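Engineer: Can you read through this structure? Questions will come right after.
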Amino acid sequence: MNSLLFTCLLIGQTDAIPLEVVEARPLPALTKQFAQTDGWTGGDGAQSIRLSEERTLWLFADTWIGKIEEGKRVKSRMVNNTAAWQSLKKPEEPLQFFWGKSDKGADSLWKPAQKDEWYWPGDGAIVDGKLYFFCKVVRRREKGAPGFQFDWFQNDFLQVANPQDEPTGWKIERYRLSDDVGQPRLGVACAAEGDHLYAFGLFPEKQTKPFNSPLALARIEKKKLPRMECADWEYLSEDDKWSKEPAKLKVLFRDAPAEFTVTRVRGIPGFVATYTQFGLGGNIAVRHAMRPEGPWSKALVVYKCPETDKKIFQYGAKAHPELGQRDGQLILTYCRNIGALSEHVNRPEIYFPQGVEVQLRWKGK
């Protein structure tokens, strides 16, 4: 890494890293929950949102529905989003998966209004009994390598009035966050804290480049969420003030991915961001801040994914704090992909979330 890039990555950060890694290892018990051979047989995204003291919700993006027989996918169909429930009282029990149905068979649970668009669900939170979550609005792009022929061009914000019901029966309202390509791409992570829901977002695509992916922050008052008005959001500016206009946005850090988590971790004050650095690759990192606004610490790599096959790429690391059982325990997942659909058929053991357990120690005051 050259000195200029290193300097750019440190802008807006504190020098201290108040966390250290005690141990990091694969978590086969969690990975096994996703290694299915009938029905739901693989997906990515793997965002979890605690619904209650007894249950957490998993949201997945592109998902295979069908069977795996003799090491290959058969009678299978890929849909763009699915969901699952996991018991928090007995987390070892099998997940209950949900997907939509259509005349063609398995289908996505949620769809935008336009037929040539689809949703990839992202982060969300329960506020006053309702679920609010973000969805990337995506369309096909012919250019690009296998696995990357898509265009994430908008973001929708969804409200679910009955999140304790099965996802197939949710009552949903939604609105598009913006049709302006100059707006930050909100919803890559979020956090409910105090009177606000905070939404982290990547800077507009024109303001990013390889190895420079700046992260912005917006917020909305919880009491205004039911109004479902885009104008209620405000944005953190360079002067650390909140503005109704997303101009001169403050950069929180510069190696942000398109999907990650900002959560509390038991026994650690403040917030921990868990992510795949720059969105792709084998390094899973964390950062720490006492508030969503930061300042955020330097990145600390907590886990290096063990895959040696260069055809497999890793991405989408996220924390699942509701699964932690002791102070400093960070339960996370990351996703794997192999690109071409033919490879998905012949190598079904690749495309499902991988569980990891990281034990952190707090070094701060």
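Engineer: Quick check on my filter: what residues within the stretch 44-72 are part of a loop (DSSP other than H, G, I, E, B) and either surrounded by fewer than 20 Cβ atoms within 10 Å (Cβ to Cβ) or among the acidic types (Asp, Glu) (or both)?
Structural biologist: We begin by selecting, within the stretch 44-72, every residue part of a loop (DSSP other than H, G, I, E, B); these are 44-46, 51-54, 61-62, 70-71.
ASP44, LEU51, SER52, GLU53, GLU54, ASP62, GLU70, GLY71, listed by residue number.
Engineer: Name every residue in the stretch 142-167 that is at pLDDT 95 or above and part of a loop (DSSP other than H, G, I, E, B), in order of residue number.
Structural biologist: ALA161, ASN162, PRO163, GLN164, ASP165, GLU166
Engineer: For the subset of the stretch 307-352 comprising residues that are at positive phi and surrounded by fewer than 20 Cβ atoms within 10 Å (Cβ to Cβ), which member is modelled with the highest pLDDT?
Structural biologist: The qualifying residue modelled with the highest pLDDT is GLY328.
Engineer: Another question about this same structure. Restricting to the stretch 125-147, give me the number of residues that are at negative phi and either open to solvent by less than 40 Å² (accessible area, probe 1.4 Å) or in contact (Cβ under 8 Å) with a residue 40 or more places away in the chain (or both).
Structural biologist: Just the residues of the stretch 125-147 that are at negative phi, to begin with: 125-127, 130-143, 145-146.
Then keep just the ones that are either open to solvent by less than 40 Å² (accessible area, probe 1.4 Å) or in contact (Cβ under 8 Å) with a residue 40 or more places away in the chain (or both); that gives 125-127, 130-138, 145-146.
So the answer is 14.
Engineer: Filter the stretch 164-190 down to residues that are buried (at least 21 other Cβ atoms within 10 Å of the Cβ) and either within 25 Å of PHE98 (Cβ to Cβ) or of a type in the set (A, V, I, L, M) (or both), then give me how many there are.
Structural biologist: Summing the residues that are buried (at least 21 other Cβ atoms within 10 Å of the Cβ) and either within 25 Å of PHE98 (Cβ to Cβ) or of a type in the set (A, V, I, L, M) (or both) in the stretch 164-190 gives 7.
Engineer: Can you tell me how many residues within the stretch 231-264 are in a helix (DSSP H, G or I) and surrounded by fewer than 14 Cβ atoms within 10 Å (Cβ to Cβ)? Let's see the steps before the verdict.
Structural biologist: Filtering the stretch 231-264 for residues in a helix (DSSP H, G or I) gives 231-232.
Narrowing the set further to residues that are surrounded by fewer than 14 Cβ atoms within 10 Å (Cβ to Cβ) leaves 231.
Result for the stretch 231-264: 1.
Engineer: Can I ask one more? Of (1) touching a residue at least 24 places away in the same chain (Cβ under 8 Å); (2) in a strand (DSSP E or B); (3) open to solvent by 40 Å² or more (accessible area, probe 1.4 Å); (4) more than 18 Å from ASP44 (Cβ to Cβ), ARG77 satisfies all except one. Which?
Structural biologist: (4)
Engineer: Which residue out of ALA299, ALA289 is open to solvent by 30 Å² or more (accessible area, probe 1.4 Å), under 19 Å from VAL262 (Cα atoms) and not charged (D, E, K, R)?
Structural biologist: ALA299
Engineer: Of the residues ARG174, ARG139, ARG219, which is within 27 Å of VAL272 (Cβ to Cβ), of a type outside the set (A, V, I, L, M, F, W, C) and not in a loop (DSSP other than H, G, I, E, B)? Break it down into steps so the answer makes sense when it comes.
Structural biologist: Values: ARG174 fails: within 27 Å of VAL272 (Cβ to Cβ); ARG139 fails: within 27 Å of VAL272 (Cβ to Cβ).
Exactly one of ARG174, ARG139, ARG219 is within 27 Å of VAL272 (Cβ to Cβ), of a type outside the set (A, V, I, L, M, F, W, C) and not in a loop (DSSP other than H, G, I, E, B), namely ARG219.
Engineer: State all residues of the stretch 97-107 that are open to solvent by 30 Å² or more (accessible area, probe 1.4 Å) and within 20 Å of the chain's Cα centre (by Cα); if no residue qualifies, say none.
Structural biologist: PHE97, TRP99
The values are calculated or read from the model by the stated rules, or taken from the named source; none is laboratory data. The model shown is predicted, which means the values in this text are computed figures rather than measured ones. Positions of Cβ are backbone-derived with ideal geometry, glycine not excepted, and every protein chain shown enters the neighbour counts. Remember, those area values only see protein heavy atoms, side chains included, never the ligands or the DNA or RNA. Shrake-Rupley method; radii C 1.70, N 1.55, O 1.52, S 1.80 Å.
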